[in-house]
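One structure is given below, encoded as structure tokens.
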Amino acid sequence: VGPALPGVTIRAMDDGELLVESPGNFQGYFKDPQATAEAFTPDGAFRTGDLGRIDADGYVWITGRKKAIIVTAGGKNIAPVPIEKRLERDLIEQAVVVGSERPYIVALLALDPDLLAAEARQKGWSGGIEEWRQRAEVSRRIQTVIDDANHGRASFETVKKFAILPRSLSLEEKELTPTLKLRRNIVLDHFQDRVDSLYSTRSKES
């Protein structure tokens, strides 16, 4: 998102949350000292709730929201957004990484229907999109994307299993905000059975 403006200081905490010190920061919440105290560090920096980093040239990179952090059953903190962005390529239109209070992380994946249809035409597949999603060669191709996304990551932050969703996530189902951000709690509510099935047998790598 670029460097800080003149007169603005941005720094990252150990957990990755970005803090801002600026004359433009608000003073506090009206008649709510507790909320005000929670919004600032003891030295007066504003807690943005954004996760990110600052590179050697002073450019600020935002990688996610602190509230979206996954805390596994083993107490590991994982930011899902960077992993999801690495997964969203090839046939994968949308990815949702799951793992709070679970032994390992998994992914719910929605495939791009247009790309899948183009693949079906090229390969001469019979049936319709429901059958195409379940084809073994599609699963193998998705696994290749996951293996690539997992490369170089610590074991606890690698996706161990995945499920292909029966449809894309949508505004109509309230799974996305008007700006197309994930509503994770709603996605998990709609596809809880898929998540549970991924944890019904323990991963060999967990």
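Taken together, the values in this text are just the output of simple stated rules run on the coordinates, not laboratory data. Because the structure is predicted, anything quoted here is derived from the model rather than measured. Reconstructed Cβ throughout: ideal geometry from the backbone, glycine too, with neighbour counts over all protein chains shown.
Here are a few things to note about the model shown:
- Approximate spin-label separation residue 188-residue 25, in nm, with each point projected 7 Å along Cα-to-Cβ: 3.1
- Helix-only CD estimate at 222 nm, as mean residue ellipticity for the chain, using -39500 (n - 2.57) per DSSP H run (n ≥ 4): -8000 deg cm²/dmol
- Shown in residue order for segment 16-33 are the 3J(HN,Hα) couplings computed by the Karplus curve 6.51 cos²θ - 1.76 cosθ + 1.60 at θ = phi - 60°: x, 5, 8, 10, 10, 10, 6, x, x, 5, 6, 7, x, 7, 4, 6, 9, x Hz (x for Gly and Pro).
- Debye log10 I(q)/I(0) at q = 0.11, 0.16, 0.20 Å⁻¹ for segment 94-184, Cα point scatterers: -0.38, -0.77, -1.06
- Among 69, 54, 142, the residue with the largest mean-square fluctuation in a Gaussian network model of the chain, with springs joining Cα atoms closer than 10 Å, is 54.
- Note on residue 181 and residue 134: the model spin-label points, each 7 Å out from Cα along the C-beta direction, lie 3.7 nm apart.
- Gaussian network model of the chain, springs between alpha carbon atoms under 10 Å - residue of 105, 83, 129 with greatest fluctuation: 129
- Comparing mean-square fluctuations of 88, 157, 38 from a GNM of the chain with C-alpha springs under 10 Å, the top value falls on 38.
- Phi-derived couplings, Karplus 6.51 cos²θ - 1.76 cosθ + 1.60 at θ = phi - 60°, listed residue by residue for segment 108-114: 9, 10, 9, 8, 5, x, 5 Hz, with x used for Gly and Pro.
- Computing FRET efficiency as 1/(1 + (r/R0)^6) for residue 118 and residue 170, where r is the C-beta to C-beta distance and R0 is 25 Å, gives about 0.75.
- Both radii were evaluated on the Cα set of segment 7-75; the Rg over Rh quotient, with Rh as the Kirkwood radius, amounts to 1.02.
- Applying 1/(1 + (r/R0)^6) with R0 = 35 Å to the Cβ-Cβ distance of residue 56 and residue 147 gives a FRET efficiency near 0.70.
- The trypsin sites (Lys or Arg not before Pro) of segment 4-93 meeting both criteria, a DSSP state outside H, G, I, E and B (loop) and at most 16 other C-beta atoms within 10 angstrom of the site's C-beta, are 31, 76, 89.
- Convex hull (Cα only) mean projected area of the chain, reported in nm² to one decimal: 15.1
- Karplus (6.51, -1.76, 1.60) ³J(HN,Hα), θ = phi - 60°, over segment 75-88, in Hz, Gly and Pro reported as x: x, 7, 9, 10, 8, x, 4, x, 5, 4, 5, 6, 7, 7
- Helix axis angle, 136-150 relative to the chain longest principal axis, alpha carbon, degrees: 20
- Spin-label model distance (nm) - residue 5 vs residue 36, 7 Å beyond Cα toward Cβ: 2.3
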